[in-house]
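Quick notes on the structure that follows.
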Amino acid sequence: IVGAQKAGTTWLFSMLKQHPSVGFAFQKEVHYFDRICKDSINRQRFSRNVRKQLLRGGKMLLPATRRYVNYVTDPQHSFTDQWYQKIFTDKPENRRRVARGERIVYADASPSYMSMPEHGVQHMAELLPDAKPVLVVRDPVRRMVSGLSMVQARNPQERNRSVERQIRFLKKNQVPRGDYARAIPLFRKHFGDIHLIPFGQIRTRPRQVMRGIEKLSGLSPISYTDLQTKKHSHTGKVELSSAVKSAIESLCAPQYDYLRREFGADFLEEI
């Protein structure tokens with residue numbers, strides 16, 4: 001799942017977690033390819049944060065699980081291609097399922113992959129030539145408003161920034177996260193195709209969305225719970241100024257042009 005941010009990827013992750021033939025790594029968003037291609041890895045900080053997360057509450061771990069946690073967080077091994085593959089295949093739960101003769105489809109959900117430079121997408125395609133990229137397409141303005149609202153809800157000091165500074169933030173941070181006109185052709189170039197999900201279908205036809213994912217990945221159809229339950233970050237909504245809203249509309253205009261030209265007006269109605 002390569003994107004987009006604030007476009008239902010947490011819902012999709014929660015559905016796939018229910019499938020007995022899907023195996024994730026230690027967390028939803030691994031951020032492997034985007035961190036590698038941008039050379040933005042602090043292995044020591046990553047190790048501390050993940051150990052704190054996985055060992056929360058001082059809970060006792062089985063030896064196999066402890067070995068897995070130690071490997072995931074070992075700075076000497078982390079963030080290599082071998083490490084990326086082993087955090088899926090060596091996860092104890094996934095190993096047990098393979099040992100029972102089950103077929104596992106491994107899945108990663110990192111929406112930031114959508115905004116990677118091309119060499120990041122190329123790296124992903126070379127390492128995982130059989131991967132099936134999935135992108136959820138949400139209305140560009142609503143997605144960007146939601147993204148900025150999330151940032152400002154989590155960081156209240158950001159609400160007091162000048163309009164000019166907020167717009168600079170949008171151009172640097174939010175435009176790439178919703179740049180369908182760039183991402184879709186890029187993933188098609190390196191993978192041959194990309195599976196697109198109109199965001200509106202998650203609300204109106206969630207079962208059909210999951211049947212499409214199952215068919216794409218060779219998974220057997222199952223019954224999912226909470227198909228109609230919205231998943232979000234619980235950050236609340238922040239009222240944006242009219243100037244910022246106007247800037248968002250202007251920044252998103254090229255995306256509407258691309259989506260309409262590439263997929264037609266009916267597709268726009270569903271996002």
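The values are calculated or read from the model by the stated rules, or taken from the named source; none is laboratory data. In this text the structure is predicted, and so the values were computed from the model without any measurement. Cβ coordinates were reconstructed from backbone atoms using ideal geometry, including for glycine residues, and neighbour counts include every protein chain displayed. In case anyone asks, the SASA skips ligands and DNA or RNA and just uses the protein heavy atoms, side chains included. Shrake-Rupley method; radii C 1.70, N 1.55, O 1.52, S 1.80 Å.
Once you place label points 7 Å from the Cα toward the Cβ at TRP83 and LEU127, how far apart are they in nm?
1.0
Counting just the Cα atoms, what span does the chain cover along each of its three principal axes? Round to the nearest Å and put the largest first.
56, 40, 36
With a 1.4 Å probe and every protein chain kept in, tell me what percent of the accessible surface of the chain is carbon plus sulfur.
The computed percentage sits at 48.
Could you run the Debye sum over the Cα atoms of region 66-150, one equal point scatterer each and no solvent, and tell me log10 of I(q)/I(0) at q = 0.16, 0.18 Å⁻¹, two decimals?
Computed log10 I(q)/I(0) values: -0.86, -0.98.
Relative to the compact globular guide of 2.2 N^0.38 Å, what is the alpha carbon radius of gyration of region 73-232, as a ratio?
Dividing the Cα Rg of region 73-232 by 2.2 N^0.38 Å gives 1.23.
With everything on Cα atoms, drop me the angle between helix 43-54 and the longest principal axis of the chain, reported from 0 to 90° to the nearest 10.
80
Specify the angular offset, from 0 to 90 degrees and rounded to the nearest 10, of the alpha carbon long axis of helix 140-154 from the longest principal axis of the alpha carbons in the chain.
Tilt relative to the chain: about 70 degrees.
Compare the Cα positions of PRO133, GLN157, PRO206 along the charge dipole of region 120-271 (+1 at Cβ of Lys, Arg; -1 at Cβ of Asp, Glu; about the Cα centre) and return the one farthest towards the positive end.
Result: GLN157.
Report, to the nearest 10°, how far helix 180-191 tilts away from the longest principal axis of the Cα atoms in the chain, using its own Cα long axis and a range of 0 to 90°.
Long axis of 180-191 versus the principal axis of the chain: about 30 degrees.
About the Cα centre, and with charges only on the beta carbon of Lys, Arg (+1) and Asp, Glu (-1), how big is the dipole of the chain? Nearest 20 debye, please.
With Lys and Arg at +1 and Asp and Glu at -1, about 1080 debye.
Once the piece of chain linking ARG56 and SER21 is laid out straight, how much longer is it, given 0.36 nm per residue of separation minus the C-alpha distance between them?
Values: separation 35, 0.36 × 35 = 12.60 nm, distance 2.70 nm.
Separation in residues times 0.36 nm, less the Cα-Cα distance, equals 9.9 nm.
Once you keep just the Cα pairs under 8 angstrom separated by 6 or more residues, what percentage relative contact order results for the chain?
Rounded, it is 29 percent for the chain.
If packing is taken as the average number of other Cβ atoms within 10 Å across a peptide's residues, how do 63-76, 134-147, 106-119 rank, most packed first?
134-147, 106-119, 63-76
Using the heavy atoms of the protein chains and a 1.4 angstrom probe, tell me the accessible area per residue for region 1-55 in square angstrom.
43
Give LYS189/LYS245; LYS6/LYS171; LYS6/LYS237; LYS17/LYS245 a once-over and call out the pairs whose C-alpha atoms are over 24 Å from each other.
Table pairs above 24 Å Cα-Cα are LYS189/LYS245; LYS17/LYS245.
Distance from the Cα centre of region 151-229 to that of region 32-83, in angstrom?
Using only Cα atoms to place each centre, the spacing works out to 26 Å.
For LYS132, list the aspartates and glutamates whose Cα falls under 16 Å from its own Cα; do not include residues on the same chain fewer than 8 positions away.
Straight-distance partners of LYS132: ASP108, ASP193, GLU214.
If you add up the charges near ARG67, with Lys and Arg at +1 and Asp and Glu at -1, over every other residue whose beta carbon is less than 15 angstrom from its beta carbon, what do you get? Walk me through the numbers on the way to the answer.
Details: positive: ARG51, ARG66, LYS86, LYS91, ARG95, ARG96; negative: ASP74, ASP90, GLU93.
Once positives and negatives cancel, what remains is +3.
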